[in-house]
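Enquirer: Structure in structure tokens, see below.
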Amino acid sequence: MKLVILSWFFNQQSKIAESTMPFACIFVPDFPVEALLRTEPELRAQPLAVLEGKAPLQKVFAMNEPARHAGVAPGMTKLQVEACSGLVIRARSELQEAAAHAALLDCAQSFSPHVEDAALDTLVLDLAGTESLLGSVPKIVRELAHRASDFGLTTNVAAASNPDAAVLAAHGFCGATVIPEGKEAEKLGCLPVDILFAAQNCQGSEEFLEIFQRWGIRNLRDLAALPDVALSERLGQQGVYWQKLARGTTSRTLVPVEPLLIFEEAIELEYPLMLLEPLAFLLSQMLEQLCTRLGARALATQELRLSLDLENGAHGEEIYWNEVGAGTPTRRGRQRFQRTLRLPVPLLDPKTFLKLLQLDLKAHPPGAPIVKIHLIAEPVRPRAAQNGLFLPPSPEPEKLELTLARIAGIVGEEKVGSLELLDTHRPEGFRMQQFVPREPQGLKPGNFNKTLHAGLKPCSTLKQDSDSDDLVTGLRIFRPPVVVTVTTQDGKPTCISCSKRGEIHGEILWAAGPWRSSGDWWEQAGWARDEWDIAVQSETSVAFYRLVRDLLGGRWLVEGTYD
Amino acid sequence: MSSFPLFSPEAARRPVAAALKSPALVFERLSALPKRIEVTPASQLAVQPAPEMVSSGVGEIDALTGGLPRGCLTEVCGSASSGRTSLLLAVLSAATRRQETCALVDVSDALDPTSAAKAGVDFKRLLWVRCGPQTTRPPRRHGDTEKNKKHFDRDRAETAVEQALRVTDLLLQSGGFGLVLIDLGDVPLKTARRIPLTSWFRFQRAVEHTPTVLFVVTPAPCAQTCATLLLKVSAKKLSALSRQLSDKSLAHAQLLEGLHVEAELLRARLARKPMQSVTAFSTKATGAG
């Protein structure tokens, strides 16, 4: 009795498992064309042919539907296709195909963690367990097609109970297709027999195709109807396998790919770019694609690396590398120009990235025509910020980055940022660094009023907040220090004159000092100086200055004024 | 095919005739009509809310003005050694203590980081924009005179002011800053006065209804009516310094103690009228212990 119950239980489990284990396939028809159209979507409605091969022997490798209607066929020479009016011709770009494949993977992996990389243009997804998250299988299939179109790819998506049937359906039917379980042979029957070999991409398939054609087998229904034993006797196990595929009854396990978090886009240009505007147009397309891919994986980026291959003959001194080193020649002897855009917080806004890259390239032009663009985004987790209702205002990171880039364009990169004091007594002992505003800390209930609502309190409370006892006398620095002529008496300055600043002139009313300091004497940039605080009569009152005697150079300098 | 008139002339005339007969009916009908425009009497017009005030970091100034108004332009003017930079640092320090993000547009590149650190400024919350020419001085040519050099210095100052105006525009449009300071302290008075009034109006409009305090330091009043608060700071008269200046002991035995600053409120377009117009405070030099 127990045995009967157990066997019934396992049968039920296996039935449930079979019925809830659909597979989906995404197939991109005319993949080389689609890879090019991702960066040039305006060409989608025009006839487009992709050529492959070296310059005099270029042949048509792929074309889109309008080009097919115009009479373009694979294997035609460039000379032949040039006769077609309105036909756009592009060279095959393996870089863009790789980027399109990576985008397709990102799209698929945003639906299922188990994705098999069947071919460059074909991916198979295991949809088991996703129904409860994403809805019914037809809905998932429609969503998949829709998401792929967001990535700039026109796809056929099919779902079936086994991977091979899904692949055949995706190759055979346009748009979104769902084959119910048990109806595989019926649905696939109308497909031509050559689709079997195109989908599986096997070696020696031409031989089988020729045999099937000789037998008068035109579609998969005819192949599925052949007797098994007789087929096995004539074509062996391979023939039986083809028949199983035609019936949609094969069973195999998926070989999922490990997700590689590499986000890069590249374009090899037909002709060199010389202006920033067309470059910005292409960068915009690439950034859109990168951000869509990052968004599909719920990621953002904090570092963008732009690499531009420059045309031959670029001068070595015009090559700039940002924090990497000197320019190096690439293969084909080209010079490469690289810029790295580091952001203080993870962002995912293509418009912000584009503006930042534009501002950066305007400040650091490549110096030669561009023939290849390579853009890489380093993926990071997006910023998770919980803004408090009572926290003080702070600039939005996207806006702030753009503002900083624009300000850097006005005053110079090295003149904007936050300052950091160095551990030295040397004058001007500080350095500028990238401004990243510190996040407001959570306020304790005790000092909430003290920090935020100072304005809502009476003036008497405001007075308590501000402590005038600690008011520091500010020093206004003259950059660079002003060279002055000083008359001394017993080593004490008594009179001062300056040709550059007329107000620093006259008798020194009061002087305190000298305070001697020195440092870095073990290095070439050693310094030693005597500091004086002096008072000089100004137009209306007395002005206090910091007077410095450079002991190494022997000059008198006014470093600043106390104010 | 018959055509219907949109209205009958007779029907249009009928109410007029009725009105002539009974004016009470007209009033009744008029009162029944929906009111198209709501007219609010002047006595009930909404009063513009008073700006929120924040501490300036100097108790005497807070007592004089009630603090610094948010969403308004505050101008502090004064000559060299009048204490305006000390006040600027105090304002900056108070704002960073409130955890606000601040920006300093330093026209003359005159900020001393050591003084700022001593004043308690949190540099992580301060964006420092150092204006000035990006290029170095052009090489001296044969025949360069002293007049040409002066022309170059004047052009350089103008370039820095132009930069400062553009940078301030960007900062105010970006938003999110609690305090934006423009330090025009070392700019020649002629150049500072040449800043068009439209720029000040633009800045004032940009900060209006925002929590930003726009604080400007100038050698003399420049923003005119755009400034909600105008303070003039000056060093106390020479007599007040006489003790320090008359100290004839050895130079190395003396120390700059600090500045004695007098602040005068020249304009306050605020609801609260100040009780007094002058106050005084002292600063302590960093080396004075």
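The values are calculated or read from the model by the stated rules, or taken from the named source; none is laboratory data. This structure is a prediction, so every number in the text was calculated from the model and none was measured. Every residue, glycine among them, receives a Cβ derived from its backbone with ideal geometry; neighbour counts consider all protein chains shown. These area figures cover heavy atoms from the full protein model, side chains too; ligands, DNA and RNA do not enter into them. Shrake-Rupley method; radii C 1.70, N 1.55, O 1.52, S 1.80 Å.
Enquirer: Once the Cβ-Cβ distance between A:T487 and A:R516 is put in as r, and R0 is 30 Å, what FRET efficiency do you end up with, to the nearest 0.05?
Expert: Values: r = 21 Å, r/R0 = 0.68.
About 0.90, to the nearest 0.05.
Enquirer: Tell me: how much accessible area in total is hidden between A and B, 1.4 Å probe, Å², nearest 100?
Expert: Rounded to the nearest hundred, the buried surface is 6800 Å².
Enquirer: Place a point 7 Å from the Cα of A:L231 along the Cα-to-Cβ direction; which residues of the range A:244-270 have their backbone N under 15 Å from it?
Expert: A:244-251
Enquirer: Let me ask something additional. Straight-line reach only, C-alpha to C-alpha below 13 angstrom: list the aspartates and glutamates that A:K351 could link to, leaving out same-chain residues fewer than 8 apart.
Expert: Straight-distance partners of A:K351: A:E288, A:E398, A:E401.
Enquirer: With n ≥ 4 as the cut-off for DSSP H runs, can you work out [θ] at 222 nm for chain A, using -39500 (n - 2.57) per run divided by the number of residues, rounded to the nearest 500?
Expert: Rounded to the nearest 500, it is -10000 deg cm²/dmol.
Enquirer: Moving on. Could you tell me what percent of the accessible area of the range A:46-146 is made up of carbon and sulfur, with a 1.4 Å probe and every protein chain present?
Expert: 58
Enquirer: To make sure I understand the rule: partners must be aspartates and glutamates, Cα under 17 Å from the Cα of A:K492, and not fewer than 8 residues away in the same chain. Which ones qualify?
Expert: Partners found: A:E507, A:D530, A:E531, A:D533, A:D550, B:D247.
Enquirer: If you don't mind, another one. Given points 7 Å out from each Cα along the Cα-Cβ axis, report the A:E210 to A:T424 separation in nanometres with one decimal.
Expert: Between A:E210 and A:T424, the label points sit 8.1 nm apart.
Enquirer: Then there is this: Do any residues of the range A:397-441 show a loss of at least 50 square angstrom of accessible area between the isolated chain and the full protein assembly, using a 1.4 Å probe, and if so which?
Expert: So the qualifying set is A:T403, A:I407, A:I410, A:V411, A:K415, A:L419, A:L421, A:F435, A:R438.
Enquirer: For A:E507, B:E264, give me the order by solvent-accessible area with a 1.4 Å probe, most accessible first, ignoring ligands, DNA and RNA.
Expert: Highest to lowest solvent-accessible surface, that is A:E507, B:E264.
Enquirer: To continue, here is another question. Using a 10 Å cut-off on Cβ to Cβ distances, tally the other chain neighbours for every residue of A:215-224 and report the average as a whole number. It would help to have the intermediate numbers written out before the result.
Expert: Values: counts 0, 0, 0, 0, 0, 0, 0, 0, 0, 0.
What the average comes to for A:215-224 is 0.
Enquirer: Give the shape of the range A:23-247 as rounded, prolate or oblate, defined through the alpha-carbon gyration tensor: a ≥ b ≥ c are the square roots of its eigenvalues, a/c under 1.5 means rounded, and otherwise the shape is prolate if a/b is larger than b/c and oblate if not. Walk me through the intermediate numbers first.
Expert: Values: a/c = 2.23, a/b = 1.20, b/c = 1.86.
Taking the square roots of the gyration eigenvalues as a ≥ b ≥ c, the range A:23-247 is oblate.
Enquirer: Give me the accessible area of A:Y241, 1.4 Å probe, in Å² rounded to the nearest 10.
Expert: 80
Enquirer: List the residues of the range A:277-301 whose backbone N lies under 19 Å from a point placed 7 Å from the Cα of A:A98 along the Cα-to-Cβ direction.
Expert: A:286-287, A:289-291, A:293-294
Enquirer: Mind jotting down the distance between the C-alpha centroids of the range A:212-267 and the range A:351-413, whole Å?
Expert: Here the two parts' Cα centres lie 50 Å apart.
Enquirer: Which order do the peptides B:88-101, B:194-207, A:517-530 take when ranked by the mean count of other beta-carbon atoms within 10 Å per residue, highest first? Intermediate values should be presented prior to the final figure.
Expert: Details: B:88-101: 25.2, B:194-207: 16.2, A:517-530: 12.6.
Output ranking for B:88-101, B:194-207, A:517-530: B:88-101, B:194-207, A:517-530.
Enquirer: Long-range amide H contacts for A:L48: which residues qualify at under 5 Å (H placed 1.01 Å from N, peptide plane, sequence gap of 5 or more or a different chain)?
Expert: When sequence neighbours closer than 5 places are left aside, the close amide H contacts are A:N64, A:A67, A:V88.
Enquirer: While we're looking at this one, here's another question. Kindly flag which residue pairs out of A:K500/B:K118; A:K54/A:K78; A:K78/A:K372; A:K415/B:K284 have an alpha-carbon separation exceeding 20 Å in this structure.
Expert: Distance filter (> 20 Å) returns A:K500/B:K118; A:K78/A:K372; A:K415/B:K284.
Enquirer: Testing the spin-label approximation: label points 7 Å from Cα along Cα→Cβ at A:D117 and A:F390. State their distance in nm.
Expert: For A:D117 paired with A:F390, the spin-label model returns 5.3 nm.
Enquirer: Something else now. At what distance in nm do the modelled label points of A:V88 and A:R297 sit from each other, each positioned 7 Å from its Cα along Cα→Cβ?
Expert: Calculated label separation equals 2.9 nm.
Enquirer: Whole-Hz ³J(HN,Hα) for each residue in the range A:503-518, computed from phi via Karplus 6.51 cos²θ - 1.76 cosθ + 1.60 with θ = phi - 60°, x for glycine and proline: what do you get?
Expert: Residue by residue, the range A:503-518 yields 6, 8, 7, x, 6, 7, 6, 7, 9, 10, x, x, 10, 8, 9, 8 Hz.
Enquirer: While we're looking at this one, here's another question. What number comes out for accessible area per residue over the range A:518-563 if the probe is 1.4 Å? Units Å², please.
Expert: Ligands and nucleic acids excluded, the result is 46 Å² per residue.
Enquirer: Shielding by partners for B:51-62, please: the mean number of other protein chain Cβ atoms within 10 Å of each residue's Cβ.
Expert: Across the residues of B:51-62, the mean count of other-chain Cβ atoms within 10 Å is 6.
Enquirer: Summarise the partner chain shielding of B:81-91 as one whole number: the mean count of Cβ atoms from other chains within 10 Å of each residue's Cβ.
Expert: 6
Enquirer: Using a 10 Å cut-off on Cβ atoms, rank the peptides A:164-176, A:423-435, A:342-354 from the highest mean neighbour count down.
Expert: A:164-176, A:342-354, A:423-435
Enquirer: Now for a separate question. As an exercise, use a Förster radius of 30 Å and the Cβ-Cβ distance of A:R479 and A:M274 to find the FRET efficiency, rounded to the nearest 0.05. It would help to have the intermediate numbers written out before the result.
Expert: Values: r = 39 Å, r/R0 = 1.30.
Efficiency, from the Cβ-Cβ distance: 0.15.
Enquirer: Rank these residues by their accessible area, most exposed first, probe 1.4 Å: A:S161, A:S136, A:S418.
Expert: A:S136, A:S161, A:S418
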